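**Q** Dropping the structure in here first, questions after.
The values are calculated or read from the model by the stated rules, or taken from the named source; none is laboratory data. These numbers come from a predicted model, not from an experiment. So basically every Cβ, Gly included, is an ideal-geometry build from the backbone, and we count neighbours across all protein chains shown.
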Amino acid sequence: MAASRTGLRRFLNRTLSPGFIGGSNSNGSTRPAATAAPLFCRDFSSSSSAAAVANRREPMGFEPVGLKEYLDYRRSLYGEITHKAVLVDAAGTLLAPSQPMAQIYREIGEKYGVQYSETEILNRYRRAYAQPWGKSRLRYVNDGRPFWQYIVSSSTGCSDSQYFEEVYSYYTTNKAWHLCDPEAGKVFEALRKAGVKLAVVSNFDTRLRPLLRALNCEHWFDAVAVSAEVEAEKPNPTIFVKACELLGIKPEEAVHVGDDRRNDVWGARDAGCDAWLWGSDVHSFKEVAQRIGVKV
């Protein structure tokens with residue numbers, strides 16, 4: 001099986017256009033790997049909604065040149081395999097921030113003397129997030145506090161520990177997040193009844209589990225693979241392989257759904273999983289279920 005994954009990796013390197021491997025911004029430009037990772041709070045506008053997230057499209061021209069060849073090659077390795085599991089990304093696919101990050105940083109920060117505008121906070125945030133993080137290649141270690149203290153203080157110019165704690169705690173609540181797809185629970189119930197296993201696979205710190213509980217959706221999943229616990233961040237295939245181990249399936253028997261082309265699609269495929277891009281290949285979890293033959 002390892003040989004198959006190695007062959008698949010080589011095939012992808014030969015056939016895929018290098019222009020889209022890091023994902024893309026809304027203006028169609030490629031983005032660096034550091035900013036492609038799921039953020040503490042994605043840059044959704046205040047008017048963002050589940051429909052807006054679900055209806056997002058990839059820019060024209062970003063379809064991989066070798067997609068048909070990839071699918072043919074995958075069939076040659078694994079045949080027409082029925083998907084036995086669905087792996088789901090968290091931030092940007094399953095969950096979305098209810099307010100823009102910069103707005104929250106500014107509003108909470110006003111009583112602590114934060115004077116930067118939301119635009120300034122967002123720009124400083126992006127610069128801070130793109131920087132190498134200490135000696136570790138992992139941003140999310142345990143509860144991620146050291147990393148997020150650095151991000152919050154760099155974004156706002158405020159290093160007050162009480163301010164940080166208030167911001168940090170806010171993002172563990174159901175006030176901070178909402179489901180991208182309001183029908184997710186109904187669809188996941190149908191999938192599980194059909195015998196399809198479910199797992200969350202996310203670059204996140206250990207707050208993800210209490211967050212899923214706060215949103216009353218932890219029970220939807222048979223497993224949760226969090227980068228802070230697995231000690232591997234997407235696109236590292238290790239986190240996908242670990243999720244499949246937790247579910248008791250082979251990687252080629254799973255399909256991963258996520259909103260980041262580099263981290264979610266190519267990372268999952270490098271592990272041997274199938275992968276669909278949220279907002280491009282699929283736009284709702286009902287569509288995911290239909291694609292694997294489960295009626296909702």
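**Q** With segment 184-266 as the region, which helices (runs of 4 or more DSSP H) entirely inside it contain at least 1 residues that are of a type in the set (S, T, N, Q)? Full working, then the answer.
**A** Working: elements: 184-193, 208-214, 227-230, 238-247.
Ranges flagged: 227-230, 238-247.
**Q** I would also like to ask the following. Which residue out of TYR171, TYR163, TYR140 is of a type in the set (Ser, Thr, Tyr) and over 24 Å from GLY258 (Cβ atoms)?
**A** Selected residue: TYR163, the only one of TYR171, TYR163, TYR140 that is of a type in the set (Ser, Thr, Tyr) and over 24 Å from GLY258 (Cβ atoms).
**Q** Moving to a separate point now. Within segment 260-278, does at least one residue satisfy the condition of being of a type in the set (Asp, Glu), under 19 Å from ASP205 (Cα atoms) and in the same structural domain as VAL200 (by TED's automatic domain parsing)?
**A** yes
**Q** If you don't mind, there's one more thing I want to ask. Can you go through VAL282, VAL257, VAL265 and tell me which one is of a type outside the set (S, T, N, Q), under 23 Å from ALA190 (Cβ atoms) and within 14 Å of the chain's Cα centre (by Cα)?
**A** Working: VAL282 fails: within 14 Å of the chain's Cα centre (by Cα); VAL265 fails: under 23 Å from ALA190 (Cβ atoms).
After ruling out the rest, the residue left standing is VAL257.
**Q** Hey, does segment 131-146 have a residue that's in a helix (DSSP H, G or I) and more than 28 Å from ASN236 (Cα to Cα)? Working first, answer last.
**A** Initially, segment 131-146 is screened for residues in a helix (DSSP H, G or I), giving 145-146.
Still in the list and also more than 28 Å from ASN236 (Cα to Cα): none.
There is no residue in segment 131-146 that is in a helix (DSSP H, G or I) and more than 28 Å from ASN236 (Cα to Cα).
**Q** Name the single residue, out of those in segment 112-123 being in a helix (DSSP H, G or I) and touching a residue at least 12 places away in the same chain (Cβ under 8 Å), that is nearest to PHE240 (Cα to Cα).
**A** Among residues in segment 112-123 that are in a helix (DSSP H, G or I) and touching a residue at least 12 places away in the same chain (Cβ under 8 Å), the one nearest to PHE240 (Cα to Cα) is LEU122.
**Q** Only one residue in VAL265, VAL224 is among the aliphatic types (A, V, I, L, M), out of contact with any Cys (no Cβ under 7 Å at 6 or more places or on another chain), surrounded by 24 or more Cβ atoms within 10 Å (Cβ to Cβ) and within 25 Å of LEU138 (Cα to Cα). Which one?
**A** None of the others qualify; the one that does is VAL265.
**Q** Also, quick follow-up: Residue check, THR206 against (1) closer than 21 Å to ASP181 by Cβ; (2) touching a Gly at 6+ places or on another chain (Cβ under 9 Å), all met but one. Which one?
**A** Against the list (1) closer than 21 Å to ASP181 by Cβ; (2) touching a Gly at 6+ places or on another chain (Cβ under 9 Å), THR206 comes up short only on (1).
**Q** Out of curiosity, is VAL187 in the same structural domain as ARG261 (by TED's automatic domain parsing) and touching a Lys or Arg at 6+ places or on another chain (Cβ under 6 Å)?
**A** Here the answer is yes, as VAL187 does meet what is asked.
**Q** If you don't mind, there's one more thing I want to ask. Being in contact with a strand residue (DSSP E or B) (Cβ under 9 Å, 6 or more places away or on another chain) and not aliphatic (A, V, I, L, M): is that true of TYR171 here?
**A** yes
**Q** Output the number of residues of segment 239-256 satisfying the condition of being closer than 22 Å to ARG207 by Cβ, touching a residue at least 24 places away in the same chain (Cβ under 8 Å) and either outside the structural domain of ALA199 (by TED's automatic domain parsing) or not aliphatic (A, V, I, L, M) (or both).
**A** 2
**Q** Identify all residues within segment 72-103 that are touching a helix residue (DSSP H, G or I) at 6+ places or on another chain (Cβ under 8 Å), at pLDDT below 75 and outside any helix (DSSP H, G or I); write none if there are none.
**A** Listed by number, the residues that qualify are ILE81, THR82.
**Q** Could you please let me know if ARG126 is part of a loop (DSSP other than H, G, I, E, B) and either among the acidic types (Asp, Glu) or within 18 Å of the chain's Cα centre (by Cα) (or both)? Please lay out each step first, then the result.
**A** On the way: part of a loop (DSSP other than H, G, I, E, B): no; either among the acidic types (Asp, Glu) or within 18 Å of the chain's Cα centre (by Cα) (or both): yes.
No.
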